[in-house]
Structure formats: C-alpha cells, structure tokens
1. Would you pull out the residues with amide H under 5 Å of ALA65's amide H, same chain only if 5 or more places away, H placed 1.01 Å from N?
2. Please list, in order along the range 105-112, the HN-Hα scalar couplings obtained from phi with the Karplus expression 6.51 cos²θ - 1.76 cosθ + 1.60 (θ = phi - 60°), rounded to whole Hz, x for Gly and Pro.
3. Cα axis of helix 2-39 to longest principal axis of the chain: angle in degrees, 0 to 90, nearest 10?
4. Which of the lysines could a cross-linker bridge to LYS94, judged by Cα under 19 Å and excluding same-chain residues fewer than eight apart?
5. Need the full-extension length gain, ASP130 to GLU25, defined as separation in residues times 0.36 nm minus the C-alpha distance. One decimal, nm.
6. Counting only other residues whose beta carbon sits under 12 Å from that of LYS29, what net charge do I get with K and R as +1, D and E as -1?
7. On a full-extension model of 0.36 nm per residue, what is the gain between THR93 and VAL59, subtracting their alpha-carbon distance, rounded to one decimal in nm?
8. Taking the Cα centre of the chain as the origin, how large is its charge dipole in debye, to the nearest 20, when only Lys and Arg (+1) and Asp and Glu (-1) carry charge on their Cβ atoms?
Amino acid sequence: MKKFLAFSFLLLAFSLFEANAQDRETILKVLHTQQLAWNRGDIDAFMQGYWKSDSLVFVGKTAPAYGWQTTLDHYKKSYPDKATMGELVFSITKVDVLDKTNAFVLGGWHLKREKGDVGGYFTLWFKKIDGKWVIVCDHTS
C-alpha cells in the first residue's frame with residue numbers, strides 16, 4: 001500500500017510538472033508572438049497577448065491605466081510609427097506558473113531605435129481565461 005501511495009504521489013507530481021512546463025512554453029510563445037508583431041510595426045497584433053477586457057491593468061511611468069482599449073490607444077499614441085517603435089527584444093528572467101490559471105513573468109525590454117535606444121523592466125500577471133494565457137496586469141518601467 002505504501003508503494004502504491006508513493007507511486008501515485010510521484011505520478012501526480014510528474015503530471016503537475018509536465019502541465020507547468022507546457023503552460024510555461026505557451027506563455028513564452030505569447031511573448032515571442034508579441035515581440036514579432038511589434039517588430040513588424042503591428043500594435044494591433046501585439047495587443048492580442050493582452051486580456052481584451054476593461055479590467056486589464058497597465059501600470060507605466062505615471063499611473064495605472066485600465067482597459068484593453070485604453071492600453072491600445074496609449075501604445076498607438078506613444079509609438080505612432082515603425083521608427084518610434086524600433087526593434088523590440090525581451091529578456092525573460094523568470095516564468096513562474098503559480099497554479100492552473102495564474103502565472104508571473106519577470107523580464108526586461110529593449111528598443112533599438114535610430115533616435116536612441118530605450119529599455120526597462122516589466123512584471124506581468126498572466127491568467128488562463130477560456131483556455132488561453134493572456135496578460136491581465138502589466139507593470140512596465
């Protein structure tokens with residue numbers, strides 16, 4: 001009986017590890033897809049990584065902003081053309097899958113531009129909604 005319980009525990013632990021690894025890879029794919037969209041100059045496609053909801057939270061330099069549309073409008077105003085957008089590179093420090101529907105991402109961003117490079121750091125809260133991992137809170141500095 002003890003061997004059965006130990007085996008069951010190991011099987012459960014392996015299943016959870018495997019699920020976390022798959023979720024981690026899916027989250028990294030979302031970020032990679034965003035990076036590719038940004039580098040094409042396609043902010044609309046970049047925004048597909050975010051939760052399309054009025055409850056989305058984006059915290060930048062000034063104050064929290066709420067809503068998917070507000071975030072899209074901010075990006076389009078701040079980055080009106082491809083030259084301003086530059087070439088985006090993410091450097092991901094960690095992806096922690098916290099449970100079946102929540103994950104935390106820490107990383108850096110860098111824009112290479114003719115008018116001068118910029119960059120900083122971000123923390124992201126990903127949530128699995130309707131079977132899809134999306135950013136529900138973005139704090140970028």
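1. Long-range HN contacts for ALA65: PHE58, VAL59, GLY60.
2. Per residue, the Karplus-derived 3J(HN,Hα) values read 10, 10, x, x, 9, 9, 10, 8 Hz.
3. With both axes taken from Cα atoms, the answer is about 10 degrees.
4. The reachable lysines, counting only those whose Cα sits under 19 Å from LYS94, are LYS29, LYS127, LYS128.
5. 36.0 nm
6. 0
7. 10.3 nm
8. 260 debye
Values in this text are rule-based calculations from the coordinates and carry no lab data. What you are looking at is a predicted structure, and each value in this text was computed from that prediction instead of being measured. Ideal geometry is used to build each Cβ from the backbone, glycine not excepted, and the neighbour counts take in all protein chains shown.
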